1. Hey, does the stretch 178-186 have a residue that's crowded, with 19+ Cβ neighbours inside 10 Å and within 27 Å of the chain's Cα centre (by Cα)?
2. So, K203, is that one surrounded by fewer than 16 Cβ atoms within 10 Å (Cβ to Cβ), over 26 Å from the mean Cα position of the chain (by Cα) and in contact (Cβ under 8 Å) with a residue 12 or more places away in the chain or not?
3. Just to verify a result, which residue in the stretch 91-123, among those that are under 8 Å from the mean Cα position of the chain (by Cα) and of a type outside the set (S, T, N, Q), is surrounded by the most Cβ atoms within 10 Å (Cβ to Cβ)?
4. What number of residues within the stretch 56-83 are of a type in the set (K, R) and closer than 18 Å to K121 by Cβ?
Amino acid sequence: MAYDLEEQEQIDAVKAWWKQNGTTVLLGVAVFVAIVAGMQGWRYYQHQQAMQAAGLYEALQGAAGQHNTKSVRDIAAQLMERFPRTAYAPRAALSAARASYEAGDGKSAKAQLQWVMEHAKSDEIKDAARLQMAGVLLDEKNHEEALKLLDARHGAGFDGLYADLKGDVLLASGKSAEARAAYQLALEKLDPASGYRGLVQLKLDGLGG
């Protein structure tokens with residue numbers, strides 16, 4: 001095919017540009033492809049991690065239903081170590097803390113609850129862990145530290161439970177008037193349909209209403 005002089009000059013210019021910049025262009029394309037492949041690989045990895053964590057958590061729930069404390073704690077430890085960034089790990093740690101506490105192992109329960117408070121992404125899970133930790137500290141008669149946790153900022157949905165446990169801590173500290181005020185606040189904050197209100201009312205009645 002014949003080209004006129006102007007077309008030939010344009011072709012030569014393109015060839016010269018490609019000779020000078022072609023490697024850079026190809027490298028850029030290769031980098032882009034690598035980034036896309038990397039993102040897809042990362043999504044696949046995350047999916048696999050979530051699937052494995054879900055399987056372990058299901059096994060933990062089964063063990064909890066059978067009151068198999070050792071299995072609950074062992075499975076939770078796997079989730080906390082291997083899949084700490086998944087939503088299952090902090091929930092598993094909460095279950096393990098409950099199992100440890102019921103088995104009389106307060107030290108392990110506190111360690112598991114501390115892990116939840118430091119690693120959970122969900123504020124609700126952190127609030128639940130603080131509440132449980134305060135309960136363990138109350139049993140240890142560490143009233144000051146328990147009150148610090150109960151006075152920490154938390155979601156409105158936990159107001160009633162936090163106030164109730166605060167009343168327990170204050171009562172154990174010999175502060176009956178403050179305990180009464182805490183129980184009254186708990187009744188105000190708890191869902192009117194909650195059966196837990198009856199227990200709080202009994203505590204309040206025991207202090208003279």
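What follows draws every value from the coordinates through simple rules; no lab data is involved. Since this is a predicted model, take the numbers as computed values, not measurements. Neighbour counts run over all protein chains shown; Cβ positions are idealised from the backbone, glycine included.
1. So far as the stretch 178-186 goes, yes, one or more of its residues are crowded, with 19+ Cβ neighbours inside 10 Å and within 27 Å of the chain's Cα centre (by Cα).
2. When the stated conditions are applied, K203 does not pass them.
3. V116
4. 1
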